[in-house]
Amino acid sequence: MDKALIAFAAAIAISIVGAISAIGISRVASKAFESMAKQPEVASNIQTSLIAAIVFIETCAIYALVIALLLIFVF
Amino acid sequence: MPDSFAQKFLKTLWEHLRPGGRDIGETIRSSINFAPRFYIRIGNLSIPVTSSMISLVLSVVILTVLGLWLRRGLKKYNITGKQALVEKLYLGVIGLSEGAGMNRKQAEIALPWTLTMGLYIFMSNAIAVAEFPAAAMNPAMPLALAIFSVVFIIAMGIHLVGFKGFGYSLIDPIPMLLPFNILDYLIKPVSLTLRLFGNVFGAYILLGFIKTVIPLILPSILGLWFDVADGLIQGLIFMYLTTTYLGEVVEKSEHTAERLAQKNQKIKHKKAQV
């Protein structure tokens, strides 16, 4: 296969997923901070759930990263 | 005239530090070589030793020495700073488990495994700051940890809530979701593995790229973030997810037990009315 094509495919994979997961993380974080400011007494609970939510979004991004790396190094 | 030792040394150093001196593709390709470095022979057995195993053994040694040092001179009153640190860590993990749906006693039963996993992953990643290959670079290591974590979750779930309770946890919202709940136990190790592997591997490649382009100062500063801080976050996440999955089992089994009890009460009520 053409090397440039593979590099392009990897770039598309990581860039789309990176952009969208960044948007997702920023939305989660902004909502979490908002509710933390509204109710500081449950801030620690929100923080734990915030980490969990971010981790799950990040996982999707890492799947894309793994696929991009596989594309580059395996093919 | 042959070069003197000092000249050779300076030449090699310059080759090493010169911007763009190394081929990035070659550097990365040589580093993702998972083949065993050497074999240990015991009689007829030959055990392959990969670079990841060397890092793991080293991190275990470091953690053991650290643990032995930390447990010296534990007191009830007038505690020292290091004891306060350990207690803070302990209470933090207990709080995490309690937040995930376990009670204090269950959290204390589950703590040794989860905290060990967290510290182990942190140390095996943080060791990369000393130019050892991070252990999670080899996908076999996260896979092994993830499989054992899921086995731990199932075994500990059965230990905490019993066979019946574990069965209850599999039919949590409605009994129809049983196949999906079982499938969940196959997906969990995959997601745990890929998360750890992808994170460490991605950080390694980024650092390798920076080391090739700007070999001075910057890689060591960024290494502190990508190896130490990121390793800490990954260890924390692994620990957190194991705790959450275990807490989920406990919580789900309680839900189902409650649901069934309500159903039985309704039936009893109806019978009484009739």
Sparsely packed trypsin sites (Lys or Arg not before Pro) within the range B:61-110, loop by DSSP, other Cβ within 10 Å at most 15: B:ARG71, B:ARG72, B:LYS75, B:LYS76
Hits among lysines - C-alpha to C-alpha of B:LYS11 under 22 Å, sequence gap 8 or more where chains match: B:LYS211
Alpha-carbon radius of gyration plus Dmax, which is the widest Cα pair, for the protein assembly as shown in Å: 24.8, 111
Length gained when the stretch A:ILE6-A:ILE25 is fully extended (0.36 nm per residue, less Cα-Cα span): 4.0 nm
Rounded accessible area of B:LYS271 (nearest 10 Å², 1.4 Å probe): 150 Å²
Area of B:ARG37 that stays accessible when all protein chains are in place (1.4 Å probe, Å², to 10): 150 Å²
Charge dipole magnitude, Cβ of K and R +1, D and E -1 - the protein assembly as shown, Cα centre, debye nearest 20: 920 debye
Kyte-Doolittle at least 1.0, axis length at least 30 Å by Cα - qualifying DSSP helices, chain B: B:140-170, B:178-213
Mean residue ellipticity (222 nm) of the protein assembly as shown, computed from DSSP H runs ≥ 4 via -39,500 (n - 2.57), nearest 500: -27000 deg cm²/dmol
Heavy-atom surface of the range A:3-74, accessible at 1.4 Å and reported per residue (Å²): 61 Å²
Residue (of B:LEU143, B:ILE210, B:GLY73) at the positive-pole extreme of chain B, dipole from beta-carbon charges: B:GLY73
The range B:101-251 - percent of accessible surface contributed by carbon and sulfur, probe 1.4 Å: 80 percent
Extension gain from A:ILE51 to A:ALA37, taking 0.36 nm per residue of separation minus the Cα-Cα distance: 3.3 nm
Long pairs among A:LYS38/B:LYS188; B:LYS88/B:LYS252; B:LYS164/B:LYS270; A:LYS38/B:LYS75, criterion Cα-Cα beyond 31 Å: A:LYS38/B:LYS188; A:LYS38/B:LYS75
Solvent-accessible area buried by pairing B with A, both sides, nearest 100 square angstrom, 1.4 angstrom probe: 1300 Å²
Nearest-0.05 FRET efficiency for B:LEU178 and B:ILE109, computed from C-beta distance (R0 35 Å): 0.85
Which listed pairs, of A:LYS31/B:LYS82; B:LYS82/B:LYS105; A:LYS31/B:LYS263; A:LYS31/B:LYS266, have C-alpha distances above 32 Å, in listed order: A:LYS31/B:LYS82; A:LYS31/B:LYS263; A:LYS31/B:LYS266
Sequence-separation-based contact order of chain B, relative, with Cα cut under 8 Å and 6+ spacing, percent: 28 percent
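The values are calculated or read from the model by the stated rules, or taken from the named source; none is laboratory data. A quick note: this is a predicted structure, and the numbers were derived from the prediction, not measured. Because the Cβ atoms are built from the backbone with ideal geometry, glycine has one as well, and the counts that use them run over all protein chains shown. Note: areas computed on protein heavy atoms with side chains; ligands, DNA, RNA excluded. Shrake-Rupley method; radii C 1.70, N 1.55, O 1.52, S 1.80 Å.
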